[in-house]
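Here is the structure we will look at, set down as structure tokens.
FYI, it's all coordinate maths here, none of it is from the lab. Given the structure is predicted, the values throughout are model-derived calculations rather than measurements. Every residue, glycine as well, gets a Cβ built from its backbone with ideal geometry; the counts of neighbours run over all protein chains shown.
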Amino acid sequence: MKVDQASVLPAHLQTESAQLGERLARLRVARQIKQADAAIRAGLSRNTAYRIERGDPGLAIGQILRYLDAIAPGLTLTHLLTESDPALFQQQQEEQRQRVRGLTQAEMQELDF
């Protein structure tokens, strides 16, 4: 008999599952890999890749590890959880807010049509 894992999993474990999926998605985006391409490399359907990135707790750990290896060969689950991948660090730096200064009078005049 099939059991819906989301309904029997405690809330804190559902949150952890979702965080794992989110980290995999961020890693994939940081490495500029399409979800469909990552799924093909891992030998999974695109729907399964979607479910992995959404943190579906009903998926096998082997599928998650294959997906991780397809995105970042050699990267361990421990490295993913600590977000120690250089691509993730660079993406985080790009996402940080930057202070915007006002335009100087000279810059305003340059933009004047």
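Quick one: putting +1 on the C-beta of Lys and Arg, -1 on the C-beta of Asp and Glu, what dipole do you get for the chain around its Cα centre, in Debye to the nearest 20?
Dipole size: approximately 420 debye.
Let me have the 222 nm mean residue ellipticity of the chain computed from DSSP H runs of 4+ only, each contributing -39500 (n - 2.57), with the sum over all residues rounded to the nearest 500.
Roughly -18500 deg cm²/dmol at 222 nm, from the helical runs in the chain.
Mind sorting LYS34, LYS2 by how few other Cβ atoms lie within 10 Å of their own Cβ, fewest first? Before the final figure, lay out the partial values.
Numbers: LYS34 12, LYS2 5.
Starting with the residue having the fewest Cβ neighbours, the order is LYS2, LYS34.
Taking the 0 to 90 degree range and rounding to the nearest ten, how far is the long axis of helix 11-30 tilted relative to the main principal axis of the chain, both from C-alpha atoms?
Tilt of helix 11-30: around 50 degrees.
So what's the Cα pair-distance distribution over segment 42-85, bin width 5 Å, in %?
Bin by bin from 0 Å, the calculated values are 5, 23, 33, 23, 14, 2.
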